[in-house]
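Undergrad: Sharing a structure with you now.
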Amino acid sequence: MKAVRFHQHGTPDVLKYEDAPEPSIRPNEVLVRVRACALNHLDLWVRRGIPGVPIPLPHIPGSDVSGEIAQIGADVTTVRVGQNVVLAPGVTCGKCAACVSGQDNRCRQFTNLGYLIDGGCAEFVRVPEVNCMPYPENLTFEEAASIPLVFQTAWHMLLARAELQPGEDVLILGAGSGVGSAAIQIAKFFGARVIATAGSDEKLTKAKDLGADHLINHQTHKIREEVRRITNKRGVDVVFEHVGTATWDDSLASLGLGGRLVTCGATTGYDAKVDLRFLFSRQLSLLGSYMGTKSELHSVMRLVASGRFKPIVDRVFPLAEAAAAHAYLESGSQFGKVVLKV
Ligand SMILES: [Zn+2]
């Protein structure tokens, strides 16, 4: 089969469009003919190499997949050959206490498609049967592939971790990112007031179209000052963080009394300081969040199928141009998802 692989870590030019062996499936797995694979920042980290994470080489990246079932294993009963599917990115043991309690993103064997195992930047990918999600028939393959990772991540952050309540104020950083554009829709759906930030007025206009109530251009305005103005000095209830060093101080300073900061990533760096006086006297909560559960993704997919959530596709590249797609995502100029068409 054709696949995009890298044999060493590095810049986008390590990505090679080449022949690779077709995966063979186990009894509990399916083989999926990939039609679209959306990119995430995770793909960039995996390609560059992450200290302490032994990614097997050569490696096929890609976590967000839509396609058709091409083959099913002997024990597979819930999907059939020819059926369209969207895949849950998280692959887990399915047997441990975390998995059976529905908290499969806390499985000790948790990995993503395209992380420690081969992913969807190929004509075929193998996954466990339980990763097959119902296909929302109102979407194209490119749109469907844009949903899973960012929506399940944003859902887990806002609902499971930050316990967002109707009527609360939430500050969503990086509205132009995949996870930011998903978070705006989820927060609005659950009745929050959304303050969104982005680095250009063009991106902010799109954030407004998604339902954001207040907009902050972080290039021209200081986030914490705008938040104080918008909330009458109260601060927000929830900060949705995934940017890291560049925004951390503003994020903390934007929290009101009892505020919760939830973070799923640090695209600008891991270093952050906390003034413990603020942490205890303002009764703040700092919450880490990682991916989401399959159960949460099922909820997301139902809301996508009913048209409540919409995938935001910025640009589609052919699979053979994966290197150009990575470079484009790295440039940060997108609003929503960058997708490879297979
Ligand atoms: Zn498990």
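Undergrad: Take the residues in the stretch 107-124 that are closer than 18 Å to Val53 by Cβ and open to solvent by 20 Å² or more (accessible area, probe 1.4 Å); name whichever of them is farthest from the ligand (Cβ to nearest atom).
TA: Residue satisfying both the conditions and the ranking: Asp118.
Undergrad: Does the stretch 49-60 include one or more residues that are over 26 Å from Ser306 (Cβ atoms), without any contact (Cβ under 8 Å) to a residue 12 or more places away in the chain and part of a helix (DSSP H, G or I)?
TA: no
Undergrad: Taking the residues in the stretch 97-106 that are in a loop (DSSP other than H, G, I, E, B) and in contact with a helix residue (DSSP H, G or I) (Cβ under 9 Å, 6 or more places away or on another chain) as candidates, determine which candidate is farthest from the ligand (Cβ to nearest atom).
TA: That would be Gly102.
Let's see how each residue does on (1) assigned to a strand (DSSP E or B); (2) under 28 Å from Leu276 (Cα atoms); (3) at pLDDT 95 or above; (4) not aliphatic (A, V, I, L, M):
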position: Ala154; (1), (2), (3), (4): no, yes, yes, no
position: Gln185; (1), (2), (3), (4): no, no, yes, yes
position: Gly191; (1), (2), (3), (4): no, no, yes, yes
position: Arg224; (1), (2), (3), (4): no, yes, yes, yes
position: Arg234; (1), (2), (3), (4): no, yes, yes, yes
position: Asp237; (1), (2), (3), (4): yes, yes, yes, yes
position: Gly259; (1), (2), (3), (4): yes, yes, yes, yes
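Undergrad: Anything in the stretch 236-264 that is touching a helix residue (DSSP H, G or I) at 6+ places or on another chain (Cβ under 7 Å) and among the small types (Gly, Ala, Ser)? List them, or say none.
TA: Ala253, Ser254
Undergrad: Among the listed residues Val127, Val91, which satisfies the condition of being within 21 Å of the chain's Cα centre (by Cα), touching a residue at least 12 places away in the same chain (Cβ under 8 Å), within 16 Å of the ligand (Cβ to nearest atom) and open to solvent by less than 10 Å² (accessible area, probe 1.4 Å)?
TA: Testing whether each residue is within 21 Å of the chain's Cα centre (by Cα), touching a residue at least 12 places away in the same chain (Cβ under 8 Å), within 16 Å of the ligand (Cβ to nearest atom) and open to solvent by less than 10 Å² (accessible area, probe 1.4 Å) leaves just Val127.
Undergrad: Would you confirm whether or not the stretch 215-225 contains a residue that is open to solvent by less than 80 Å² (accessible area, probe 1.4 Å) and over 24 Å from the mean Cα position of the chain (by Cα)?
TA: yes
Undergrad: Please go through the stretch 107-143 and pick out each residue that is under 22 Å from Phe317 (Cα atoms), in a helix (DSSP H, G or I) and in contact with a Gly (Cβ under 9 Å, 6 or more places away or on another chain).
TA: Phe141
Undergrad: Still on this structure, I have one more. Hey, among Ala3, Ala74, Ala70, which residue is open to solvent by 10 Å² or more (accessible area, probe 1.4 Å), closer than 30 Å to Pro134 by Cβ, assigned to a strand (DSSP E or B) and not hydroxyl-bearing (Ser, Thr, Tyr)? Give the derivation first.
TA: Values: Ala3 fails: open to solvent by 10 Å² or more (accessible area, probe 1.4 Å); Ala74 fails: assigned to a strand (DSSP E or B).
Unique residue meeting the criteria: Ala70.
Undergrad: Taking the stretch 233-249 as the search range and keeping residues that are of a type outside the set (Gly, Ala, Ser) and farther than 19 Å from Pro166 by Cα, which one is most open to solvent (accessible area, probe 1.4 Å)?
TA: Lys233
Undergrad: Restricting to the stretch 281-309, what's the tally of residues that are more than 17 Å from Ala145 (Cβ to Cβ) and outside any helix (DSSP H, G or I)?
TA: Final tally of qualifying residues: 13.
Undergrad: Report, by residue number, each residue of the stretch 6-27 that is outside any loop (DSSP other than H, G, I, E, B) and farther than 12 Å from Pro58 by Cβ.
TA: Taking the stretch 6-27 as the starting set, the residues that turn out to be outside any loop (DSSP other than H, G, I, E, B) are 6, 12-14, 16-19.
Matches in the stretch 6-27: Pro12, Asp13, Tyr17.
Undergrad: Continuing with this model, one more query. Checking the condition farther than 21 Å from Leu340 by Cα, in contact with a strand residue (DSSP E or B) (Cβ under 7 Å, 6 or more places away or on another chain) and away from the ligand (no atom under 16 Å from the Cβ), which residue from Val85, Val65, Val81 passes?
TA: Step by step, each of Val85, Val65, Val81 is checked, and only Val81 is farther than 21 Å from Leu340 by Cα, in contact with a strand residue (DSSP E or B) (Cβ under 7 Å, 6 or more places away or on another chain) and away from the ligand (no atom under 16 Å from the Cβ).
Undergrad: Out of Ile230, Ile312, which single residue is open to solvent by less than 60 Å² (accessible area, probe 1.4 Å) and more than 22 Å from the chain's Cα centre (by Cα)?
TA: Ile230
Undergrad: Would you confirm whether or not the stretch 327-342 contains a residue that is open to solvent by 50 Å² or more (accessible area, probe 1.4 Å), among the aromatic types (Phe, Trp, Tyr), in contact with a Ser or Thr (Cβ under 9 Å, 6 or more places away or on another chain) and in contact (Cβ under 8 Å) with a residue 24 or more places away in the chain?
TA: no
The values are calculated or read from the model by the stated rules, or taken from the named source; none is laboratory data. Everything quoted here is computed from the prediction, not taken from an experiment. Counting neighbours? That spans all protein chains shown, and the Cβs are built from the backbone with ideal geometry, glycine included. These accessible areas exclude ligands, DNA and RNA; they are computed on the full protein's heavy atoms, side chains included. Shrake-Rupley method; radii C 1.70, N 1.55, O 1.52, S 1.80 Å.
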